[in-house]
Amino acid sequence: MRAVKFCENNLRRTTSEQAKETLEKEYSELVNVYETGCFRRCLRCRVKPFCQIQLQTIEAEDAEALVEKVIR
């Protein structure tokens with residue numbers, strides 16, 4: 001299982017919350033989802049949903065695209 005970490009600030013400002021919920025409900029057998037503190041990506045935080053898998057940041061235009069990138 002892969003650990004997917006979401007920035008708490010990004011969850012409030014973009015559609016990341018939808019992506020997080022989808023991963024928790026539909027893909028719980030593939031990923032462990034965590035909400036963590038600030039990732040220090042302030043310029044991107046308000047614009048696009050993103051998450052981290054290991055130390056790699058994954059961005060997308062919307063929640064659906066982010067889920068697709070995570071489960072690939």
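Average accessible surface for the chain: 65 Å² per residue, computed with a 1.4 Å probe over protein heavy atoms with every protein chain in place.
Could you look at the chain and say what percent of its accessible area is carbon and sulfur, using a 1.4 Å probe and all protein chains? On the chain, the fraction of accessible area on carbon and sulfur atoms equals 45 percent. Axis of helix 16-26 versus longest Cα principal axis of the chain: the two differ by about 10°, to the nearest ten degrees. Here the chain is scanned for GluC sites (Glu not before Pro) in DSSP loops (not H, G, I, E, B) that have at most 12 other Cβ atoms within 10 Å, and the longest stretch holding none of them is 30-60. When only the Cβ of Lys, Arg, Asp and Glu is charged (+1, +1, -1, -1), the dipole of the chain relative to its Cα centre reaches about 440 debye. Restricted to Cα atoms, the chain shows a radius of gyration and a Dmax of 10.7, 32 angstrom. Mean residue ellipticity, 222 nm, helices only, the chain: the sum of -39500 (n - 2.57) across DSSP H runs of n ≥ 4, divided by residue count and rounded to 500, is -11000 deg cm²/dmol.
The values are calculated or read from the model by the stated rules, or taken from the named source; none is laboratory data. Everything numeric in this text was worked out from a predicted model, so none of it was measured. As a convention, Cβ positions derive from the backbone with ideal geometry for all residues, glycine included, and neighbour counts pool all protein chains shown. Calculation scope for accessible area: heavy atoms of the full protein, side chains included, ligands and nucleic acids excluded. Shrake-Rupley method; radii C 1.70, N 1.55, O 1.52, S 1.80 Å.
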